[in-house]
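See below for the structure under consideration.
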Amino acid sequence: MATAAGDFELTMDELRVVARFAADSAQDVLPVFEDAVPGDRRPRAALDAAWQFVGGAKRTALQRVTSLDAHRAARQATGEAARLAARSAGDAASAAYLHPIAKATQVGHILRAAASAARVAELTAGEDPAVGELRIEQARRRATPVLVDVLRRYPAAPTARNRVGQLMSGLDAALRASG
């Protein structure tokens, strides 16, 4: 079953694979946000909504609303690591609504949570880029053939000057080069 008209089709099963990949990444770094902003449950709610979808629940407004709320929490957080951790949770929830249009910007919906999680790891390790690269390699190994197939339907990730964008571009290139 197609999710929407576009340049190609995406099935609900494929969207669940993408959401699982993003949720796995966000799950690892959510404690960074929760430690920095105790009591703000918006990113946790977004991650829970993502896991519900991954687990077979229907794609509903819950994923959209909680994603937006998590991104608002990210904008309000102090510190780059907390912001990126909240944004990862929002990205996981919004992965349920990946658009089937061949635009490079859509790659962010697939890979940005993993790239943000890698940057959070760098930051918590004292700005160590080797830690981020290790996290990108771990994400590459976690990617399933279905995820890589979905990714390849899109143009390559846009190049960026910021570190998250660089990490995302590196992950994108590594996945596209994989067997």
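The values are calculated or read from the model by the stated rules, or taken from the named source; none is laboratory data. For clarity, every value in this text was computed on a predicted model and none was experimentally measured. Don't worry about glycine lacking a Cβ; one is built from the backbone with ideal geometry, like all the others, and counts go over all protein chains shown. Remember, those area values only see protein heavy atoms, side chains included, never the ligands or the DNA or RNA. Shrake-Rupley method; radii C 1.70, N 1.55, O 1.52, S 1.80 Å.
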query: When the residues of the range 117-138 are filtered to those that are among the charged types (D, E, K, R) and in contact with a Gly (Cβ under 9 Å, 6 or more places away or on another chain), which remaining residue is most open to solvent (accessible area, probe 1.4 Å)?
result: E133
statement: Condition set hydroxyl-bearing (S, T, Y) and farther than 16 Å from D35 by Cβ, scope the range 68-100, selection surrounded by the fewest Cβ atoms within 10 Å (Cβ to Cβ): answer is Y97
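Which is modelled with pLDDT under 95 and more than 16 Å from the chain's Cα centre (by Cα), of A174, A102, A157?
Details: A174 fails: modelled with pLDDT under 95; A157 fails: more than 16 Å from the chain's Cα centre (by Cα).
Checking each option against the conditions leaves just A102.
Taking the stated definitions as given, is T124 among the β-branched types (V, I, T) and either over 16 Å from the mean Cα position of the chain (by Cα) or modelled with pLDDT under 95 (or both)? If you could, list the steps in order and put the result at the bottom.
On the way: among the β-branched types (V, I, T): yes; either over 16 Å from the mean Cα position of the chain (by Cα) or modelled with pLDDT under 95 (or both): yes.
Yes: the conditions hold for T124.
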Residue tally, condition within 15 Å of F21 (Cβ to Cβ) and open to solvent by 90 Å² or more (accessible area, probe 1.4 Å), over the range 139-162: 3
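For the range 94-106, state whether one or more residues are of a type outside the set (V, I, T) and more than 26 Å from R75 (Cα to Cα). Walk me through how you get there before you give the answer.
In the first step, residues of the range 94-106 are kept if they are of a type outside the set (V, I, T); the result is 94-100, 102-104, 106.
From what is left, the residues that are more than 26 Å from R75 (Cα to Cα) are 100, 102.
There is at least one residue in the range 94-106 that is of a type outside the set (V, I, T) and more than 26 Å from R75 (Cα to Cα).
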query: What pairs can you find where one residue is in the range 143-159 and over 11 Å from L175 (Cα atoms) and in a loop (DSSP other than H, G, I, E, B), the other is open to solvent by 60 Å² or more (accessible area, probe 1.4 Å) and of a type in the set (K, R), and their Cβ atoms are less than 8 Å apart, with a gap of 6+ or different chains?
result: Y154/K103; P155/K103
query: G56 versus (1) buried (at least 18 other Cβ atoms within 10 Å of the Cβ); (2) within 18 Å of V146 (Cβ to Cβ): which is the lone unmet condition?
result: (1)
